[in-house]
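S.K.: Handing you this structure, nothing more for now.
The values are calculated or read from the model by the stated rules, or taken from the named source; none is laboratory data. Remember, predicted model here, so these are calculated numbers, not experimental data. FYI the Cβ positions are ideal-geometry reconstructions off the backbone, even for glycines, and counts take in every protein chain you see. Just so you know, the surface numbers come from the protein's heavy atoms only, side chains and all, with ligands and any DNA or RNA stripped out. Shrake-Rupley method; radii C 1.70, N 1.55, O 1.52, S 1.80 Å.
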Amino acid sequence: MTQKLQAPRGTYDVLPDQAAARRWIEHTAERLLEGAGYRRIETPTFEATELFARGVGESTDIVQKEMYTFQDAGGRSLTLRPEGTAPVCRAYVDHGMQKLPQPVKLWYLSSFFRYERAQAGRYRQFWQVGAEAIGSDDPAVDAEAILLLHELLAELGVGDVRLRLSSLGTAATRAAYREELQSHLRAHADRLSEEVRGRIDLNPLRAFDSDHPGTQEVMATAPRLLDRLEGEDAEHFAQVRALLDAEGVAYQLDHGLVRGLDYYTRTVFEFTSDALGAQSGVGGGGRYDGLIQQLGGPATAGIGWAAGIERILLAAEQRPAPEPVVDLYVAYDGPERRREAFVVAGEARRAGMSAQLELAGRSLKGQLRHAARLEARYVAILDGEGMRLMDMETHEQQDVDSAAAVVARVIKGRHPA
Ligand code: ATP
Ligand code: MG
């Protein structure tokens with residue numbers, strides 16, 4: 001026997017029963033984001049590998065071990081997009097969007113690819129809804145972006161949400177702080193986990209993420225970046241906080257908040273949900289004022305976030321999907337009447353109805369049972385005696401002489417005088 005094939009590990013099929021919940025997320029995001037001036041963008045599923053190497057950062061987990069990279073037949077190195085910010089920034093530069101009124105606000109809902117350990121809430125192909133506001137370093141852009149994600153999660157009914165907030169300052173503040181932190185880590189190297197010790201040079205900030213007890217003790221006395229913010233960085237962060245306070249958005253300052261991407265500057269944030277298990281991150285983001293320049297574009301400020309669709313679905317209160325409506329079912333007796341049935345169903349659809357016709361050769365009786373199961377509002381019955389229309393609520397039947405008459409009758413039934 002030929003072995004049956006399965007979807008690759010870490011991927012899944014979206015079945016029709018699950019489509020409604022996803023559509024609801026998409027429509028809610030669309031309404032909220034477009035209402036705030038964000039417009040939809042779709043970038044290609046794969047990009048030049050260099051975009052992510054430069055845009056996400058060589059030292060990140062994503063670039064070091066999570067990318068699906070391949071060579072195409074032309075010998076180019078391509079990568080299935082692991083995240084959305086670098087591609088959107090690439091598109092911003094590609095299309096000269098710096099000439100538009102700033103900030104340019106874009107949103108997307110797309111699938112992303114990371115080679116990680118597959119488990120509940122963690123997949124190798126997953127979906128994110130994301131938003132990017134590019135071209136302004138006004139703290140109001142930060143606060144608005146955070147507020148929009150906050151509202152999106154609230155509207156979707158994501159339970160037990162917490163917002164963690166921090167600021168990384170600019171690249172210069174970060175570099176100085178990084179050295180200070182590295183000295184602290186080296187001074188206590190013997191108490192650190194092997195992994196953290198091995199990454200002191202490459203990525204010392206990651207030590208805050210460790211769940212190793214010794215490392216956690218060392219981090220409790222570590223210097224804090226938030227205490228090192230100066231001048232405009234400190235002022236920027238204070239304003240972001242003031243605006244969030246004005247909107248009544250609660251947050252916790254988190255000195256250990258390290259986002260998995262190298263490009264962040266100033267504001268960073270993450271929403272978690274206690275309704276989720278170990279994979280508690282629902283969405284997050286931050287400011288990336290140096291990123292576009294790093295990609296070869298003009299110096300441009302930007303901020304954005306992304307939220308995982310699977311985790312939203314896991315954490316959201318599930319609402320029952322509305323049953324699809326079938327206005328008309330066209331039943332017919334024998335293949336010689338198929339053509340006529342086909343015409344009636346086509347006419348009904350052109351009139352804007354949802355109409356189905358028999359497609360599996362059932363007996364007339366079987367077709368009526370099937371129509372009842374579909375909860376069809378009307379059934380047109382074509383047999384040797386002509387055509388009748390049956391109201392499935394009252395079971396009244398009425399002779400009709402044409403497809404147009406069927407349509408007229410069903411429309412009348414939908415909008416009774
Ligand atoms: P995590 O800490 O869970 O690995 P992350 O920091 O890698 O998350 P981001 O790159 O910021 O996540 O992506 C934003 C959101 O996308 C996450 O909060 C999460 O909801 C979702 N997400 C990230 N990776 C996956 C994945 N492999 N499967 C499903 N959702 C994911
Ligand atoms: Mg991750």
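S.K.: When residues of segment 244-268 are filtered for being within 16 Å of ligand 2 (Cβ to nearest atom) and buried (at least 21 other Cβ atoms within 10 Å of the Cβ), how many remain?
M.R.: Of the residues in segment 244-268, 5 are within 16 Å of ligand 2 (Cβ to nearest atom) and buried (at least 21 other Cβ atoms within 10 Å of the Cβ).
S.K.: May I ask you to verify whether L202 is touching a His at 6+ places or on another chain (Cβ under 7 Å), open to solvent by 20 Å² or more (accessible area, probe 1.4 Å) and under 29 Å from A306 (Cβ atoms)?
M.R.: Against the criterion (touching a His at 6+ places or on another chain (Cβ under 7 Å), open to solvent by 20 Å² or more (accessible area, probe 1.4 Å) and under 29 Å from A306 (Cβ atoms)), L202 does not qualify.
S.K.: Specify the residue that is surrounded by the most Cβ atoms within 10 Å (Cβ to Cβ); the eligible residues are those in segment 60-75 that are away from ligand 2 (no atom under 14 Å from the Cβ) and over 21 Å from the mean Cα position of the chain (by Cα).
M.R.: Selected residue: T69.
S.K.: Another question about this same structure. Whether any residue in segment 76-94 is surrounded by fewer than 17 Cβ atoms within 10 Å (Cβ to Cβ) and more than 18 Å from I134 (Cα to Cα) is what I want to check.
M.R.: Checked segment 76-94: at least one residue is surrounded by fewer than 17 Cβ atoms within 10 Å (Cβ to Cβ) and more than 18 Å from I134 (Cα to Cα).
S.K.: Are any of the residues in segment 81-88 among the hydrophobic types (A, V, I, L, M, F, W, C), more than 16 Å from ligand 2 (Cβ to nearest atom), outside any helix (DSSP H, G or I) and at pLDDT 95 or above?
M.R.: no
S.K.: A further question on this structure: With the structure loaded, tell me whether V240 is modelled with pLDDT of 95 or more, aliphatic (A, V, I, L, M) and outside any helix (DSSP H, G or I) or whether it fails that test.
M.R.: When the stated conditions are applied, V240 does not pass them.
S.K.: Going by the structure shown, is A73 under 22 Å from E34 (Cβ atoms) and modelled with pLDDT of 95 or more?
M.R.: No: the conditions fail for A73.
S.K.: Further, regarding this structure: Would you be able to say whether some residue in segment 309-328 is within 16 Å of ligand 2 (Cβ to nearest atom) and closer than 30 Å to A234 by Cβ?
M.R.: No, there is no match, as no residue in segment 309-328 is within 16 Å of ligand 2 (Cβ to nearest atom) and closer than 30 Å to A234 by Cβ.
S.K.: Here's a follow-up. For L226, indicate whether it is touching a strand residue (DSSP E or B) at 6+ places or on another chain (Cβ under 8 Å) and open to solvent by 20 Å² or more (accessible area, probe 1.4 Å).
M.R.: On the way: touching a strand residue (DSSP E or B) at 6+ places or on another chain (Cβ under 8 Å): yes; open to solvent by 20 Å² or more (accessible area, probe 1.4 Å): yes.
It is true that L226 is touching a strand residue (DSSP E or B) at 6+ places or on another chain (Cβ under 8 Å) and open to solvent by 20 Å² or more (accessible area, probe 1.4 Å).
S.K.: Just to check your reading of the model, which residue among T11, T49 is more than 16 Å from ligand 1 (Cβ to nearest atom), surrounded by 12 or more Cβ atoms within 10 Å (Cβ to Cβ) and under 19 Å from R124 (Cα atoms)?
M.R.: Just a single option satisfies the conditions, and that option is T49.
S.K.: Any idea which of V240, V268, V282 is under 13 Å from D142 (Cα atoms) and within 13 Å of ligand 1 (Cβ to nearest atom)?
M.R.: Unique residue meeting the criteria: V268.
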